[in-house]
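Handing you a structure now.
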Amino acid sequence: MDKKDILSLTLPELEAEITALGEKKFRAGQLFGWLHEKKITSFAECTNLPKAFIEQLDADYFIMVPAVKRKLESKIDGTVKFLYEFPDGERAETVMMSYKHGNSLCISTQVGCKMGCSFCASTKAGFVRDLAPSEMLAQVYGSERESGRKVESLVLMGIGEPLDNFGNVLRFLQLLSSEKGKNMSLRHVSLSTCGIVPRIRELADMKTGLTLSVSLHAPTDEKRSAIMPINKRYDTAELIDACKYYFSQTGRRISFEFALIDGVNDDAVTAKELVKLLKPVSPCHVNLIPVNEIKEREYRKSSRVKEFTKLLCDSGINATVRRTLGADINAACGQLRRDSMEN
């Protein structure tokens, strides 16, 4: 019999499992605390549980603890990048970043990505599989253990499209925010999507408190479809309508990611088109990003970042340039996993 993934179980599910084993219900609460508060890596660490119960847990369940295959720490700003390997040998990246407001962790939600954005390193190695809730939690717990830092905020912006792994991501968020677990408010979580419109609307109706971060990168269908295949399925008009709906349902301001690519989307005309597109979604925020240069494409960072930012701000669109962290360790997601596969 295959062992069950205990870290992916909610507290009610764990209570049902434990009582089925003949143990009292309160033991599930004790175990849940060991798993999600103390972040144990083996059942032997549960010092207040009976020995026979621990042996039963060892026989029937496993705790997801990925191996740290690589750990890179920036000498510039202390950013830490992890390459985790799961029991099946697949790998994903996680990045710990330090800000004045605390430590933020960027996690992956899939092994590889299906979305095919032309400027993204994560999609170049192809899609393999979704990550389980436990594998997302394990990135959080493992990074806290390895770095000695507490994670105060979270971004689902690593490898993969979170809304393409919707069920597992929702369960992960439920576990992450559990009062008996890490108890992280979902107002401290940002979910980045390339624009899967039906899921955005579904997420809006749930009113989770999440910050929705939309990878836009171009303001017109012609320009966006050329670099983001998802736009051929859900065009900019549908995406903007979904974003307006998200704001109307949640009151949470939308953040739009815009990677500036030299000669592709960094001219004054594009800036004006972007202003026109986003005016109906105000208040919103545009996060301008120096494009992640990858060897498969000749995309280069724009030299017009300041001018582009000023054009947006002068037109009433709140825009800032993302601070580049971990430049000396290539902290942008996708590169470490891809390099490890090639090697």
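Just to be sure before I move on: is S104 surrounded by 15 or more Cβ atoms within 10 Å (Cβ to Cβ) and touching a residue at least 60 places away in the same chain (Cβ under 8 Å) in the structure I sent?
Taking the combined requirement at face value, the residue does not satisfy it.
Please give the number of the condition H217 fails out of (1) surrounded by fewer than 23 Cβ atoms within 10 Å (Cβ to Cβ); (2) more than 30 Å from H36 (Cα to Cα); (3) in contact with an Asp or Glu (Cβ under 8 Å, 6 or more places away or on another chain).
(1)
Scan segment 307-328 for residues that are assigned to a helix (DSSP H, G or I) and either hydrophobic (A, V, I, L, M, F, W, C) or free of Cβ contacts under 8 Å to residues at least 12 places away in the same chain (or both) and jot them down.
Result: F308, K310, L311, L312, C313, D314, A327.
Check segment 228-243 and report whether any residue there is farther than 30 Å from K38 by Cβ, out of contact with any helix residue (DSSP H, G or I) (no Cβ under 9 Å at 6 or more places or on another chain) and not in a helix (DSSP H, G or I).
Yes, segment 228-243 contains at least one residue that is farther than 30 Å from K38 by Cβ, out of contact with any helix residue (DSSP H, G or I) (no Cβ under 9 Å at 6 or more places or on another chain) and not in a helix (DSSP H, G or I).
Rundown of residues vs (1) more than 16 Å from the chain's Cα centre (by Cα); (2) in contact (Cβ under 8 Å) with a residue 12 or more places away in the chain; (3) assigned to a helix (DSSP H, G or I), yes/no style:
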{"site": "A92", "(1), (2), (3)": "no, yes, no"}
{"site": "K114", "(1), (2), (3)": "no, yes, no"}
{"site": "R149", "(1), (2), (3)": "yes, yes, no"}
{"site": "D164", "(1), (2), (3)": "no, yes, yes"}
{"site": "E179", "(1), (2), (3)": "yes, no, no"}
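Still on this structure: How do the pairs read when you match residues in segment 129-144 that are without any contact (Cβ under 8 Å) to a residue 12 or more places away in the chain and outside the structural domain of H36 (by TED's automatic domain parsing) with residues anywhere that are among the polar types (S, T, N, Q) and outside any strand (DSSP E or B), using Cβ under 7 Å and keeping only pairs 6 or more apart or on different chains?
Nothing qualifies.
Condition first: modelled with pLDDT under 95, small (G, A, S) and crowded, with 20+ Cβ neighbours inside 10 Å. Now tell me which residues in segment 227-265 satisfy that.
The one that is modelled with pLDDT under 95, small (G, A, S) and crowded, with 20+ Cβ neighbours inside 10 Å: A259.
Another question, then. Scan V286, V275, V269 and give me the residue that is outside any loop (DSSP other than H, G, I, E, B) and touching a strand residue (DSSP E or B) at 6+ places or on another chain (Cβ under 8 Å).
Selected residue: V286, the only one of V286, V275, V269 that is outside any loop (DSSP other than H, G, I, E, B) and touching a strand residue (DSSP E or B) at 6+ places or on another chain (Cβ under 8 Å).
The values are calculated or read from the model by the stated rules, or taken from the named source; none is laboratory data. Because the structure is a prediction, the values reported are computed rather than measured. In this analysis, Cβ positions are derived from the backbone assuming ideal geometry, glycine residues included, and neighbour counts consider all displayed protein chains.
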